[in-house]
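This report concerns only the one structure given below.
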Amino acid sequence: MRILVVYASADGSTAEIARRIAQRLRERGHEVSDQPVGSAGSLHDIDAIVLGNAVHDRQWLDEATNFVNANRQAVSSRPFWTFSVGMPDALPKAVRKIARTEEDAIINQLGDLRPRGHQLFSGVVKPSQFPLASRIFLHLVGGRYGDFRDWPAIDAWALEIADQLDGAATISDAAKTRLAKQDNDRESTGSAP
Ligand SMILES: Cc1cc2nc3c(=O)[nH]c(=O)nc-3n(C[C@H](O)[C@H](O)[C@H](O)COP(=O)(O)O)c2cc1C
């Protein structure tokens, strides 16, 4: 299958996660292109889409929502998955629960589009990314800085997508075989379609 992995990333950690997912899907035999949302061309030849987004201020970056809105028809007619990259693992447990509620808000941003799956990953959190007020806030709530990407979890999610796509391919192959058999049967009995 031809899969497009597109991403919106402000500081690069979402881009690296997207490239890793693309690589894992390639290893499963798919033809995969990975690129920033702004460079994604026509979706005409694409069979499935994975869309990754950095979370800023509890929302996807504008370029990600613009991509979704500009391609709503094409996205809704293909299997698609989304992932978001935020900072839940940089926060202490009590605050982390609040960060996890972002997922619902993010899915709501998609409107009537229903991804086959959405995953929230933690990304990279550096003091230099934040204005002073946010650094003070993070300090007060006990936030930490670092690279919180969980590569085994990211790989596992990519393989889940590959499994689902393989399942879809198997079903459609089976359907094709059944239809071909029906055609043959009709021809051999001379019955009208
Ligand atoms: C200005 C700013 C706002 C952020 N707001 C959120 C947020 O609301 N929720 C969250 O989970 N992470 C938030 N983060 C953390 C980022 O999502 C995290 O650093 C992620 O790795 C960024 O991805 P990127 O490197 O692809 O830009 C914010 C980061 C920045 C710099």
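The values are calculated or read from the model by the stated rules, or taken from the named source; none is laboratory data. Computed from a predicted model, the values in this text were never measured in an experiment. Using ideal geometry, Cβ is built from the backbone for each residue, glycine included, and neighbour counts are taken over all protein chains shown.
Looking at (1) closer than 26 Å to D34 by Cα; (2) at pLDDT below 95, can you tell me which one G190 breaks?
Going through (1) closer than 26 Å to D34 by Cα; (2) at pLDDT below 95 one by one, G190 breaks only (1).
Restricting to segment 64-89, and then to whatever is out of contact with any Lys or Arg (no Cβ under 8 Å at 6 or more places or on another chain) and aromatic (F, W, Y), can you tell me which residue is farthest from F121 (Cα to Cα)?
Once the filter is applied, the top-ranked residue is F67.
When segment 135-150 is examined, which residues are found to be in a helix (DSSP H, G or I) and in contact with a helix residue (DSSP H, G or I) (Cβ under 7 Å, 6 or more places away or on another chain)? Talk me through it step by step, then tell me what you get.
First pass over segment 135-150, keeping only residues in a helix (DSSP H, G or I): 135-141.
Within segment 135-150, R135, V141 qualify.
Working only within segment 8-36, note down all residues that are within 12 Å of the ligand (Cβ to nearest atom) and not in a loop (DSSP other than H, G, I, E, B).
Taking segment 8-36 as the starting set, the residues that turn out to be within 12 Å of the ligand (Cβ to nearest atom) are 8-19, 36.
Of everything in segment 8-36, those that are within 12 Å of the ligand (Cβ to nearest atom) and not in a loop (DSSP other than H, G, I, E, B) turn out to be A8, S13, T14, A15, E16, I17, A18, R19, P36.
For segment 99-109, give me each residue that is in contact (Cβ under 8 Å) with a residue 40 or more places away in the chain and within 12 Å of the ligand (Cβ to nearest atom).
Looking only at segment 99-109, we keep the residues that are in contact (Cβ under 8 Å) with a residue 40 or more places away in the chain, and these are 102, 105-106, 109.
Those that are in contact (Cβ under 8 Å) with a residue 40 or more places away in the chain and within 12 Å of the ligand (Cβ to nearest atom): E102, A105, I106.
Exactly one condition in (1) within 17 Å of S84 (Cβ to Cβ); (2) away from the ligand (no atom under 16 Å from the Cβ) is not met by M1; state its number.
Every condition holds for M1 apart from (1).
So, of the residues in segment 110-133 that are over 20 Å from D155 (Cα atoms) and surrounded by 17 or more Cβ atoms within 10 Å (Cβ to Cβ), which turns out to be nearest to the ligand (Cβ to nearest atom)? Step through it out loud before you land on a result.
Our first condition is that a residue be over 20 Å from D155 (Cα atoms); within segment 110-133, this holds for 110-114, 125-133.
Cutting the leftovers down to surrounded by 17 or more Cβ atoms within 10 Å (Cβ to Cβ) gives us 110, 125.
Numbers: L110: 17, V125: 5 Å.
Among those residues, the one meeting the criterion is V125.
Conditions tested, residue by residue: (1) within 16 Å of the ligand (Cβ to nearest atom); (2) over 15 Å from the mean Cα position of the chain (by Cα); (3) surrounded by fewer than 19 Cβ atoms within 10 Å (Cβ to Cβ); (4) not in a strand (DSSP E or B).
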position	(1), (2), (3), (4)
T65	yes, no, yes, yes
N69	no, yes, yes, yes
Q73	no, yes, yes, yes
W81	no, no, no, no
V85	yes, no, no, no
D89	yes, yes, yes, yes
K97	yes, yes, yes, yes
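Considering only residues that are within 11 Å of the ligand (Cβ to nearest atom) and surrounded by 21 or more Cβ atoms within 10 Å (Cβ to Cβ), look in segment 43-63 and name the one that is farthest from G123 (Cα to Cα).
W60
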